[in-house]
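All of the numbers you see were taken from the coordinates with simple rules; none came from a lab. Note that the structure is predicted; figures quoted are calculated from it, not measured. Using ideal geometry, Cβ is built from the backbone for each residue, glycine included, and neighbour counts are taken over all protein chains shown.
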Amino acid sequence: MKLSVEWLKEFVGFDCSIDELAKSLTMAGLEVEDIVTYSPDELARLGGGREGPSGPVFDVKVTPNRGDWLSVIGVAREAAAILATKLTVSEATAEGAPPPTSSAIEVTIVAPDLCRRYAAGLVRNVTIKESPDWLRNRLIMAGMRPINNIVDITNYVMIEYGQPLHAFDYHLLRGAEIIVRRAAPEEVMATIDGQQRELSSDMLMIADRDRAVAVAGVMGGADTEVAETTRDVLIESANFDPVSIRRTSKTLGLTTESSYRFERAVDPSITVAALKRAAELMRDLADGEIAEGVVDAYPAEIQPLTIELRPERANKLLGWNIEPCEMAQLLQLLGMSVRLNNPLQVTVPTFRSDITEEIDLIEEIARLHGFDKIETTLPESPSQGRECEVNLFEDRLRQLLLRCGAQEVMTHSIVDSSLVERTGLAERVVHIRNPLREDLSRLRVMLIPGLLETLSRNAAFGAKDLAIFEIGRVYHYGRDGLIAQNRSVAGALIGSQWAGAWNLDRSALEADFYLCKGVVDALLDSLEIREREYTAAQSPLLHPTRSAVVRSGGAEIGILGEVEASVRESFDLRGRPYVFELDFETLRFQAGRRRVYRPVARYPAIYRDLSVVVDEDRPYAEVRNAISEAGGEWIERVELREVYTGRPLSPGQKSLLLSLAFRSVERTLTDQIVNDQMARIKDRLTAELSAAIRGAE
Amino acid sequence: MSETGVRDSLDELKTAAKSSIAEASSLSELADIETTYLGRKGQLTQLLRGVGELPPEERPTFGRLVNEARAGLEQALADRRAALAETEGAQRLRAEALDVTLPGRFYTVGRQHPLSATMDRIKRIFLGLGYEIVDSPEIERYHYNFESLNYPEEHPAMDEQMSFYVTDDLLLRTQTTAVQARIMESRQPPLRICTMGRCYRSDEVDATHSHTFHQVDCFAVDEDITFADLKGTLYNFAREMFGPDTQVRFRPDYFPFVEPGAEVAITCVICGGEGCGVCKSTGWLELGGAGMIHPNVFRQVGIDPEQYSGFAFGLGIDRMPMMMYRIDDLRLFLENDIRFLRQV
């Protein structure tokens, strides 16, 4: 909210500088965000007058609980409390002439739950014209646009008192009646902004005998708007239910200065005072004649609340020690009356509807006395700090992947639809109902697309060789219809993984499927997930014949492989990216928890080479497993040295060169034993896998 | 053979040997020379064998002369060998020489993301203060995000928390504070809880705003927790995080779930409080919100606010590395430009 400092000075005097006042207000919770100074020239340019006031304007940020600060008087009251000085507000009397307002209008509140008070006052024979310079300037400095004297006065009083007002052209109201009621089903009304509004039955309306004439507290109707031809003005000053106004405003998509204030609660005690102030201004600035009296429908008068405050409770909670009488003084500065009993009996004025219990008073004391006067202590800790298991495991994975050389990234969880469509999981995607934009309405279901997007963005900047990983949440509907939001861990590799490798063959440096698998293996090894099985994967993101799903103990851990060509192209990636994504919870469940030392062998190993020729599409894993099984208890390691196809092999064949190590932890093995084992291995390979052993005797 | 004849051939041999030693250009050549003269079938050895032909009285003299010659040659060989070894070694080193200014080879080393690194630092501080770090869901129930935090129905306070809804009841949490009631309804004080992670608000993205941001939330509930404890805890955190000279400012602010409520700011890390462009000349940088847990929050979870009190605070994580590294654009964090990530 904006208000000119000279307007503020009308209600509170101060000796300090404007900057100091701004700082004091800020430190009391009424933040002065900005101070802008208006020159007479600038005001004139904006439709004001050179003769009117000018100067500094406070732009204050009012917290949602303090609707009472949304006015010049409200801010002045706070300043007076902080500076311990007096607030001067002269009450308008608005002496009127017969016939009285009550003879011209009848007010009926049909919905007292939504309207606590409704006052109406009549001003006759007004002259519609431009407002004087001083009023226009103050409105402009408050960020409003001057229209004509009547409309300007309603706005002016709203800013001054915080009480939204509305002016009807009295003669356009039918039946000399104001009815405050809910909208009828399918009722429509044109508001003064020219929009046709469809109303719903939970909205509060101001109606005359025949129709709605205003959306209560939000905006007036076009039919009864004040215009050049208006002679008599009916001023509405009312108090509406904050929740109802907020709902209506949201439903209509219409926020006004009026609705903004009503949402934040308006003091029900100023309804008539503000109306009288407006009437006097219309008398003075529009040559109007005030009708005698106001019609004030106030079904249940709101009484100030009295709350008990235990000074010792306040001191205990704040961690300081101030005297009850000092607390009372602070509360009195804020307009409260205090009876010095123990506990203190504090009566809260109606403009402070935010204060309803003891803690609210404690806050007021702390706020006004100053948070800086509270000391600083550290509470004793009942136990030592403890990290949760999920985070510990996340850290473990992060450290492992960093050691693999990968760069950690963090990508958005709210993603473009194109990033989820290719995952093959589109039907399980979680949607945002009210997205910022339609293309940002989905939550990521996998991390891989975000990583590919990251590779793509970096490639555009020239970084074509990368290894990245992310550990983050992914979201999807489970089979039970509930949303799962577990973590996932994924990585992506593209191009060379080496820096400064000028003296090695480039092709040996490029990331490929086996580097990607190597990272996954290293990760699983470190997590002590030994039993694992790689089989062909079926993911729309991955190359159909260059991808795998990895399982352990029957559970699917994740997928890895080369990115499918069209996916790669859709991300505008030139090279071939390799990716993996593993399920965090499965890893956590499968990871070894306790390690037990196994004795290191003290006897020498015997090494044997083995060259096996098999059909080209025979998976290596089958050869390896056959060797491990047939090799007996002493086979320590099976290591693949080379895979060869081509001459002199027949087409469709490949040879595998393996190095085997045999070792016993109990004794030195003899050649004879190892020869027997090798013979068994060879028999097994020839019998089960139709393998030929090359170089066999 | 006469004595003179023998002596002459000895001198001849010595001269010839010495000159070939001097001319030898490699260690292997020198080894050959050694064999030629001093080997078992070498010339000097042969000469010594000829001693038998001399008269007995001359034999000792001749023997001495030969041995002197042998010692002389051995010395010459050793000297030459040392000289040659030195040269040859130098040559070998020259041949093996590398350009040490050529680049080294290593796989590209990754770094932790600045946000996750910041979260680690924050965690360490609160672990040190005895906090228990808990995990908390991002897709949260309306109840925990708002209701349990004392947000009245249809309150303007929610305007600052424009939410993304997934269903009527589920939303993307707008604040990590949502974890409070989850913990408090299932556990009894004393509590020292810390959680951190992603939050979402329906905000357009620009240099200082994003629909996705990160927060850390802590709360402490015990029999005598005071506002002074809140101040002390945040002072401690700020100094650990931003340096020992950091000052902390508490300014009254409003959050429905705390009372008294405060905005927490630290002295600008750039100018130290003097006022600069980063702190918009105020000298202060806002960290987040804090306050004493509102009795209504306690009442909803069945904790007696007369017996227990507590404080809570929530701080923006993204701002911290922004301050520390003078990053001027929030978007950089989730864009993952490697040129950015390798710097911070």
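The alpha carbons of chain A stretch over 130, 59, 50 Å along the principal axes, in descending order. Evaluating 6.51 cos²θ - 1.76 cosθ + 1.60 at θ = phi - 60° for every residue in the stretch B:257-269, the Karplus couplings come out as 8, 10, 6, x, x, 9, 8, 9, 9, 10, 4, 3, 6 Hz, glycine and proline recorded as x. Eigenvalues of the alpha-carbon gyration tensor of the stretch A:606-693, scaled by 5 and square-rooted, set the equivalent ellipsoid semi-axes at 25, 12, 11 angstrom, largest first.
Please give the net charge around A:Asp609, taking every other residue with its beta carbon less than 11 angstrom from that of A:Asp609, where Lys and Arg add +1 and Asp and Glu add -1. So the environment of A:Asp609 carries a net charge of +1.
By the count of neighbouring beta-carbon atoms within 10 Å, fewest first, A:Leu447, A:Leu660 end up ordered A:Leu660, A:Leu447.
Alpha carbon centre of the stretch B:114-160 versus the stretch B:271-344: separation in Å? Cα centres, the stretch B:114-160 to the stretch B:271-344: 11 Å. The distance separating the Cα centre of the stretch A:201-268 from that of the stretch B:19-52 comes to 125 Å. Does the stretch B:202-268 come out rounded, prolate or oblate, given a ≥ b ≥ c as the square roots of the eigenvalues of its C-alpha gyration tensor, rounded meaning a/c under 1.5 and, failing that, prolate meaning a/b above b/c? Oblate. Restricting the GluC sites (Glu not before Pro) of the stretch B:73-140 to loop positions (DSSP other than H, G, I, E, B) with no more than 12 neighbouring Cβ atoms within 10 Å leaves B:Glu96.
Pairs over the 24 Å Cα-Cα cut-off, from the set A:Lys61/A:Lys276; A:Lys61/A:Lys129; A:Lys316/A:Lys373; A:Lys23/B:Lys231; A:Lys23/A:Lys61; A:Lys9/A:Lys129: A:Lys61/A:Lys276; A:Lys61/A:Lys129; A:Lys9/A:Lys129. For B:Phe311, the residues 5 or more places off, or on other chains, whose built amide H falls under 5 Å of its own are B:Ala220, B:Ile293.
Dipole of the protein assembly as shown computed with +1 at Lys/Arg Cβ and -1 at Asp/Glu Cβ about the Cα centre; of A:Val110, B:Gly42, A:Gly175, farthest Cα towards the positive end is B:Gly42.
Listed by chain and number, the lysines whose C-alpha is less than 27 Å from the C-alpha of A:Lys682, apart from same-chain residues fewer than 8 away, are A:Lys654. For B:Thr208, the residues 5 or more places off, or on other chains, whose built amide H falls under 5 Å of its own are B:Leu330.
Annotation: the residues B:Thr101, A:Thr411, A:Thr350, sorted from fewest to most other C-beta atoms within 10 Å of their own C-beta, follow the order B:Thr101, A:Thr350, A:Thr411. Could you work out how far the C-alpha centroid of the stretch A:601-678 sits from that of the stretch A:78-153, in angstrom? The stretch A:601-678 and the stretch A:78-153 have Cα centres spaced 98 Å from each other. Each of A:Val126, A:Val272, A:Val188 has some number of other Cβ atoms within 10 Å of its Cβ, and from fewest to most they run A:Val188, A:Val272, A:Val126. Under 5 Å from the amide H of B:Trp284 lie the amide H atoms of B:Cys268, each residue being 5 or more positions distant or on a separate chain, with H modelled from the backbone and absent for Pro and chain starts. A:Ala183 sits among other residues whose Cβ lies under 13 Å from its own Cβ, and their net charge, with Lys and Arg +1 and Asp and Glu -1, is +1.
Across the stretch A:234-248, computed HN-Hα scalar couplings (Karplus, 6.51 cos²θ - 1.76 cosθ + 1.60, θ = phi - 60°) run 9, 8, 9, 10, 9, 10, 10, 5, x, 5, 4, 5, 5, 5, 4 Hz from first to last residue, x flagging Gly and Pro. The phi-based Karplus calculation (6.51 cos²θ - 1.76 cosθ + 1.60; θ = phi - 60°) puts the 3J(HN,Hα) values of the stretch B:323-340 at 5, 5, 9, 6, 7, 9, 9, 4, 5, 4, 4, 9, 7, 6, 5, 4, 5, 7 Hz, whole numbers, x for Gly and Pro. Per residue of A:384-392, other chain Cβ atoms within 10 Å of the residue Cβ number 6 on average.
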